[in-house]
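A.B. asks: There's a structure below that I have some questions on.
The values are calculated or read from the model by the stated rules, or taken from the named source; none is laboratory data. In this text the structure is predicted, and so the values were computed from the model without any measurement. With ideal geometry, Cβ positions are generated from the backbone for all residues, glycine too; neighbour counts draw on all protein chains shown. All accessible areas refer to the heavy atoms of the entire protein, side chains included, with ligands and DNA or RNA removed. Shrake-Rupley method; radii C 1.70, N 1.55, O 1.52, S 1.80 Å.
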Amino acid sequence: MKKIFSRISNLFFTPSSPDTLAFFRIAVSAFALVQLFVLLPDWMWLYGPKGLLPWQISDALSTTNTPSLFFISTHLNISANTTVYIITAVYFFSLTGLMIGFKTRLMGVSAWLMHIILNTTGHFTAYGVETFLHIALFYCAVLPVGCCRSVDSYKKTNQIPSYLITLSVRLIQLHLCIMYLSCGIEKSLGAQWWNGEAIWIALQQDQFHQVNTGWMAQVPLVPKLLGWSTLLFETFYPVAIFFTKTKKIWLIAIISMHAFIAIFLGLQLFGALMILLNLTVFGNHCFPGMFSFNLKKSMTRPGIIKPNLSRQLIRL
Amino acid sequence: MPLKHKLYFVLAAVHMLMIALYATHFADWGNTGNAATKTLATVGSYTGSNNIFSFFAPGLSDQPYVVYAVKFKDSTEKLIDLKGSSPDFTNRVNNIYGYLTLPEARQVLSASLAQSMLQRYPNAAKIRVAMVVQQIPDIYAYKNGERNIWRFWFQNDFAVNTPATTQQ
């Protein structure tokens, strides 16, 4: 019991590199900006008042209590199109500010809220990529992601104890762990992932069909092995990613899985976001020193208490 | 550690607990109408802790797709496969088509899609929203020569300023 308590304590109090949070912030905001530009030509079809689904319809069918563009437009008495332009502009500037770490907290909260508003309106068109972007932006809003490698960190004298950095990193890591465990268990409940049919169907469906995979019918072991490996890497992710001997191979495997999804199923944005989340959140944990360029300098800048000093403070 | 920081640890634990609960389909456990569950759901909507992670799980079903037939006022016709400027837009449109498999959502969603077609083609006199479903044979049937087929599912016709007619 004492050993377990000690391990939990180590998990949450062993100093983590603040660079993990900084790279998480930069990756998430840069990704959201890329997504914004990719979707911009069709923006009004997705979020406009007379888009694929009119605002009244998407609001009436919404199951959440979060504000939508329609809500903002009617309550602030702004014209429908102007509301879209304002929210989109604020979203863009918030993401830019978040990326460079200028007024990071404010920018994080603003980007998160703008994403909620857009996503509430476009919830019928949203898929996995929006789920994870929403989660990531929430963490950018509430966690000290501007603690280093940001404009703020050069000006601020606020000191963030290392245990709060560690707590923040663990929070995102554990969220990913629960997600993969849940995905693995839910997939394993269906026969399709055991007999390879899930991989076969996904690769054959026109919506995902990127390359000709008809040859797989001659070698059914291939989709079967791909299905089994997905179950293995997702279900055991929470254990293997923290286990010294397996963490590197697991991170590489899960990134490969998302790269496969991006290339072969045409879900480039989803694949890219999941790769970025894994790399930023577990990269330094699995490959120590991954973000360590100029680390010494960033750790001694104002804004961060040195881990050793922080440990002493905790003991005091 | 100051009290404020201790509170952060408590909040983080509650957040993790919510993620774990919702991942196990907490929302389907029972009474979802009480105030506590509604509050949790609202908090979850903002924090992203109310998600279930069943991507491609437990398996994949047939792929629904929609084709549009637009008849113009000059009696010419055009078949339209709705595509955007990026593959991601197409992924999102496919997401809407997934909801058309729900009979209760079919009428309102197909009417919405028809009006978006009318936005694109203001000269349209009649718009047909037809849903087809791609059926994939299993791997062994494919090996024996069966191939993917598209099956008609339903169609809704919308004439400008007249009510819709449905055929299934």
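A.B. asks: So for region A:226-241 (the condition being in a helix (DSSP H, G or I) and at the interface with chain B (Cβ under 8 Å from one of its Cβ atoms)), does at least one residue qualify?
C.D. replies: Checked region A:226-241: no residue is in a helix (DSSP H, G or I) and at the interface with chain B (Cβ under 8 Å from one of its Cβ atoms).
A.B. asks: Taking the stated definitions as given, is residue B:66 out of contact with any Lys or Arg (no Cβ under 7 Å at 6 or more places or on another chain), buried (at least 18 other Cβ atoms within 10 Å of the Cβ) and more than 9 Å from chain A (Cβ to nearest Cβ)?
C.D. replies: Yes; evaluated as a whole, the condition is true for this residue.
A.B. asks: Answer yes if at least one residue in region A:249-264 is within 30 Å of residue B:67 (Cβ to Cβ), part of a helix (DSSP H, G or I) and either facing chain B (nearest Cβ under 8 Å) or modelled with pLDDT of 95 or more (or both), and no otherwise.
C.D. replies: There is no residue in region A:249-264 that is within 30 Å of residue B:67 (Cβ to Cβ), part of a helix (DSSP H, G or I) and either facing chain B (nearest Cβ under 8 Å) or modelled with pLDDT of 95 or more (or both).
A.B. asks: Ok, one more. Take the residues of region A:36-76 that are charged (D, E, K, R) and at the interface with chain B (Cβ under 10 Å from one of its Cβ atoms): which is nearest to residue A:96 (Cα to Cα)?
C.D. replies: Step by step, filter region A:36-76, then rank; the result is A:42.
A.B. asks: A further question on this structure: Keeping to region A:253-268, report how many residues are open to solvent by less than 40 Å² (accessible area, probe 1.4 Å) and in contact with a Ser or Thr (Cβ under 9 Å, 6 or more places away or on another chain).
C.D. replies: 3
A.B. asks: Is it fair to say residue A:276 is out of contact with any Gly (no Cβ under 6 Å at 6 or more places or on another chain), more than 12 Å from chain B (Cβ to nearest Cβ), in a helix (DSSP H, G or I) and among the hydrophobic types (A, V, I, L, M, F, W, C)?
C.D. replies: The answer is yes for residue A:276.
A.B. asks: It is to be established whether one or more residues within region A:128-135 are open to solvent by 10 Å² or more (accessible area, probe 1.4 Å), of a type outside the set (Phe, Trp, Tyr), in contact with a Ser or Thr (Cβ under 6 Å, 6 or more places away or on another chain) and modelled with pLDDT of 95 or more.
C.D. replies: Within region A:128-135, none of the residues are open to solvent by 10 Å² or more (accessible area, probe 1.4 Å), of a type outside the set (Phe, Trp, Tyr), in contact with a Ser or Thr (Cβ under 6 Å, 6 or more places away or on another chain) and modelled with pLDDT of 95 or more.
A.B. asks: Can you work out which of the residues in region A:232-252 that are surrounded by fewer than 18 Cβ atoms within 10 Å (Cβ to Cβ) and among the aliphatic types (A, V, I, L, M) is nearest to residue A:178 (Cα to Cα)?
C.D. replies: Here the answer is A:239.
A.B. asks: Filtering region A:145-163 down to residues that are open to solvent by 20 Å² or more (accessible area, probe 1.4 Å) and within 14 Å of chain B (Cβ to nearest Cβ), which residue is modelled with the highest pLDDT?
C.D. replies: A:160
A.B. asks: A further question on this structure: Which of the residues that make up region A:120-154 are free of Cβ contacts under 8 Å to residues at least 40 places away in the same chain and farther than 12 Å from residue A:104 by Cα?
C.D. replies: A:126, A:130, A:131, A:134, A:138
A.B. asks: Looking at (1) within 12 Å of chain B (Cβ to nearest Cβ); (2) open to solvent by less than 30 Å² (accessible area, probe 1.4 Å), which one does residue A:87 not meet, given that it meets all the others?
C.D. replies: (1)
A.B. asks: Can you tell me which residue among B:37, B:47, B:32 is exposed (fewer than 15 other Cβ atoms within 10 Å of the Cβ), of a type in the set (Val, Ile, Thr) and without any contact (Cβ under 8 Å) to a residue 60 or more places away in the chain?
C.D. replies: After applying the criteria, what remains is B:32.
A.B. asks: Pick from region A:194-213 the residues that are assigned to a helix (DSSP H, G or I) and more than 7 Å from chain B (Cβ to nearest Cβ): which of them is surrounded by the fewest Cβ atoms within 10 Å (Cβ to Cβ)?
C.D. replies: A:194
A.B. asks: For region A:1-116, list the helices (runs of 4 or more DSSP H) that sit wholly inside it and hold at least 3 residues that are touching a residue at least 60 places away in the same chain (Cβ under 8 Å); which are they?
C.D. replies: Result: A:2-13, A:19-39, A:55-60, A:80-100.
A.B. asks: On to the next question. Looking at (1) of a type in the set (Phe, Trp, Tyr); (2) farther than 17 Å from residue A:282 by Cβ; (3) more than 7 Å from chain B (Cβ to nearest Cβ), find the lone condition where residue A:138 falls short.
C.D. replies: Status for residue A:138: all satisfied but (3).
A.B. asks: Please identify the pairs in which a residue from region A:157-180 that is within 23 Å of residue A:134 (Cβ to Cβ) has its Cβ atom under 6 Å from the Cβ atom of a residue that is outside any helix (DSSP H, G or I) and at pLDDT 95 or above, counting only partners at least 6 apart or on another chain.
C.D. replies: A:168/A:143
A.B. asks: Take the conditions within 21 Å of residue B:148 (Cα to Cα), assigned to a loop (DSSP other than H, G, I, E, B) and at the interface with chain A (Cβ under 7 Å from one of its Cβ atoms) and apply them to residue B:59. Does it pass?
C.D. replies: yes
Residue-by-condition table, conditions (1) more than 28 Å from the chain's Cα centre (by Cα); (2) farther than 30 Å from residue A:8 by Cβ:
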position	(1), (2)
A:193	no, yes
A:197	yes, yes
A:200	no, yes
A:203	no, yes
A:209	no, yes
A:221	yes, yes
A:224	yes, yes
A:227	no, yes
A:239	no, no
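A.B. asks: Could you run through region A:269-290 and say how many residues are of a type in the set (A, V, I, L, M, F, W, C) and surrounded by fewer than 17 Cβ atoms within 10 Å (Cβ to Cβ)?
C.D. replies: Residues that pass the stated criteria total 1.
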